[in-house]
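The values are calculated or read from the model by the stated rules, or taken from the named source; none is laboratory data. This structure is a prediction, so every number in the text was calculated from the model and none was measured. With ideal geometry, Cβ positions are generated from the backbone for all residues, glycine too; neighbour counts draw on all protein chains shown. Quick note on the areas: whole protein, heavy atoms, side chains included, nothing else; ligands and nucleic acids left out. Shrake-Rupley method; radii C 1.70, N 1.55, O 1.52, S 1.80 Å.
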Amino acid sequence: MHPVLRHTLCLFNTVFFLAGFIYTCGGTLKGRNGSIESPGFPYGYPNGANCTWVIVGEHASRIQLVFLSFAIEEEYDFLSLYDGHPHPANFRTRITGFQVPTPVTSTGNVFSLRLTSDFAVSAHGFKLNYEELQSSSCGNPGVPPKAVLSGGGKYAVGDSVHYSCVPGYVLDGHATLTCTTNAGNTAVWDFPAPFVEDTCGGTVGGGSGVVTSPGYPNNYGNQADCTWILLAEPGDTISVIFTDFQTEEKYDYLEVEGSEPPTIW
Ligand SMILES: *[C@@H]1O[C@H](CO)[C@@H](O)[C@H](O)[C@H]1NC(C)=O
């Protein structure tokens, strides 16, 4: 390699390396609670980042992370969680994408996070609060997108929370969680937080198919408002054959209409 070119490359590497150091990136956090933001939040984290945060609780307790905001380039940049110090044996999960994750709780008083980003494209990053959980608290169970949480009190043993969802969505899982104690006398929710599915409505094409109400054969939820569009090739007609039908008489309806006269009912 030409010496001048080699020198230029070295200089470039050095500058890049220094740039990585100038950024405040990761660290050890102590205390009963606090918050963590990715560098540059909410204006985007740097490319080539490798930031590790180690949260060390004050007491022999668990640590809960509650995410407030989350946007990381999907499948290229990741936030890895370690249940303890950031060793491969403690690796628990990798989070990526644009959905705010539900809260996560460590089993001990150390919780570590590592943000790794590739060489291109960033996103606004993440912000979270962490907090030590008393052994008598189940902690915030989280609210999935499109869900509504009621009840809960202090999330202590005996407290219950109830989930519902906004119109047009259905819950998949248990609607009510109760804080109980496990064999080790630690407070835990009796079920994981439910998921929310927007299986309500959609566009169906392709010759033939099946459409069911949300949650079928179980009851659909209250306040549902679902629209299905069945598409066929121009000139074709569509027949709809009901194999099962039950709605609350006088209050709930299924309306069927065609897009062109004379098939508008
Ligand atoms: C990030 O840094 C840690 C230690 O500081 C290292 O073990 C790990 O391999 C690095 N990860 C990447 C993707 O560079």
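The distance linking the stretch 79-158 with the stretch 26-78 is 9 Å (Cα centroid to Cα centroid, whole angstrom). Relative contact order of the chain: 15 percent, from C-alpha pairs under 8 Å at least 6 residues apart in sequence.
Relative to the 2.2 N^0.38 Å rule of thumb, the stretch 200-265 has a C-alpha radius of gyration ratio of 1.21. Assuming charge only on the beta carbon of Lys and Arg (+1) and of Asp and Glu (-1), the dipole of the chain about its Cα centre is about 1660 debye to the nearest 20.
For the chain, lysine pairs with C-alpha atoms less than 29 angstrom apart, excluding pairs fewer than eight positions apart on the same chain, total 6. Report the accessible area of Glu74, computed with a 1.4 Å probe over the heavy atoms of all protein chains in place, in Å² rounded to the nearest 10. Solvent-accessible area, nearest 10 Å²: 100 Å². When Cys51, Cys25 are compared by accessible surface with a 1.4 Å probe, the order from highest to lowest is Cys25, Cys51. Relative to the longest principal axis of the Cα atoms of the chain, the long axis of helix 3-22 lies at roughly 70 degrees. Taking Trp189, Trp53, Trp228 and ordering them by how much accessible surface each has at a 1.4 Å probe, largest first, produces Trp228, Trp189, Trp53.
Quantify, in whole percent, the carbon and sulfur part of the accessible surface of the chain (1.4 Å probe; protein heavy atoms only). Roughly 55 percent, rounded to a whole number. Solvent exposure of the chain amounts to 65 Å² per residue of accessible area, where only protein heavy atoms count and the probe is 1.4 Å.
Take each peptide in 149-157, 63-71, 206-214, count the other Cβ atoms within 10 Å of every residue, and average; sorted highest first, the result is 63-71, 149-157, 206-214.
Amide H to amide H, which residues 5 or more places from Gly152 or on other chains are under 5 Å from it, using H placed in the peptide plane? Answer set, sorted by chain and number: Ser160.
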